[in-house]
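A.B. asks: Just passing along the structure, written as structure tokens.
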Amino acid sequence: MTSRPVAMTDDLIDQQTLDDLRTGRWPVREEIEPQSAQRLWDNVDGGWTGPLATAAVSIYIRKVVYKCTGCHEASQHPGQVSDHITSVRLTGERHRRARIKVELRGQEPVQMCSACGAMFSPRKNAGYKHLENIKILAPAHKEAREERILRFSLGPPSAKAEVVPA
Ligand SMILES: [Zn+2]
Ligand SMILES: [Zn+2]
């Protein structure tokens, strides 16, 4: 369903434009003929964009992003997702024997992570959620890698987003 991307700089589409596109704000600035408006599937967010003008479609359909195979993390810049994977793994290692200690800060009890020293409000039980989160994320990143994919395609992929050769 997707076309092969041509060489393109990452600066062509900035994050704001991507955000605008996602929220459907971007096309408002341009007159779109109803019959020419097309939606694209966002392979990172897993949803349809708003209606796009033909000129926009031809640009977005070639957009390449780097995605984490272990979670929804994605970046326009190569290497950032690899760094993210390394950091999630290290955090997992570091928290292997972590526990939550309750301490007093002044009059206020706080939950403190024994591994990283982060402090959390006991009211929302955020300290335990911090540990639970890491317990879920770390194993999911054991085999994770940075994948170069097309950000948008004409429809949802049947199985997996097409991997673009580097
Ligand atoms: Zn990830
Ligand atoms: Zn921690």
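A.B. asks: Between a residue in segment 91-118 that is assigned by TED's automatic domain parsing to the domain that holds LYS135 and any residue that is among the aromatic types (Phe, Trp, Tyr) and not in a strand (DSSP E or B), which pairs come within a Cβ distance under 9 Å, given they are 6 or more apart or on different chains?
C.D. replies: These pairs meet every condition: ILE100/TYR128; GLN111/TYR128.
A.B. asks: If you don't mind, another one. Can you name the residue in segment 62-72 that is away from ligand 1 (no atom under 16 Å from the Cβ) and within 18 Å of the chain's Cα centre (by Cα) and is also surrounded by the fewest Cβ atoms within 10 Å (Cβ to Cβ) among such residues?
C.D. replies: VAL64
A.B. asks: Name the residue, out of ARG145, ARG151, that is more than 11 Å from ligand 2 (Cβ to nearest atom), within 28 Å of LEU40 (Cα to Cα), at pLDDT 95 or above and of a type in the set (D, E, K, R).
C.D. replies: From the options ARG145, ARG151, the qualifying one is ARG145.
A.B. asks: Still on this structure: Those residues that are modelled with pLDDT of 90 or more and on the phi > 0 side of the Ramachandran plot, I need them from segment 37-79; list them, please.
C.D. replies: Matches in segment 37-79: GLY79 only.
A.B. asks: On to the next question. Identify, by number, the condition in (1) under 27 Å from CYS68 (Cβ atoms); (2) part of a helix (DSSP H, G or I) that ALA144 doesn't meet.
C.D. replies: (2)
A.B. asks: Regarding SER75, is this residue within 30 Å of ALA37 (Cα to Cα), in the same structural domain as GLY47 (by TED's automatic domain parsing) and either of a type in the set (Lys, Arg) or without any contact (Cβ under 8 Å) to a residue 12 or more places away in the chain (or both)?
C.D. replies: no
The values are calculated or read from the model by the stated rules, or taken from the named source; none is laboratory data. This is a predicted model, so every value here is computed, not measured. Cβ: placed from backbone, ideal geometry, glycine included. Neighbour counts: every protein chain shown.
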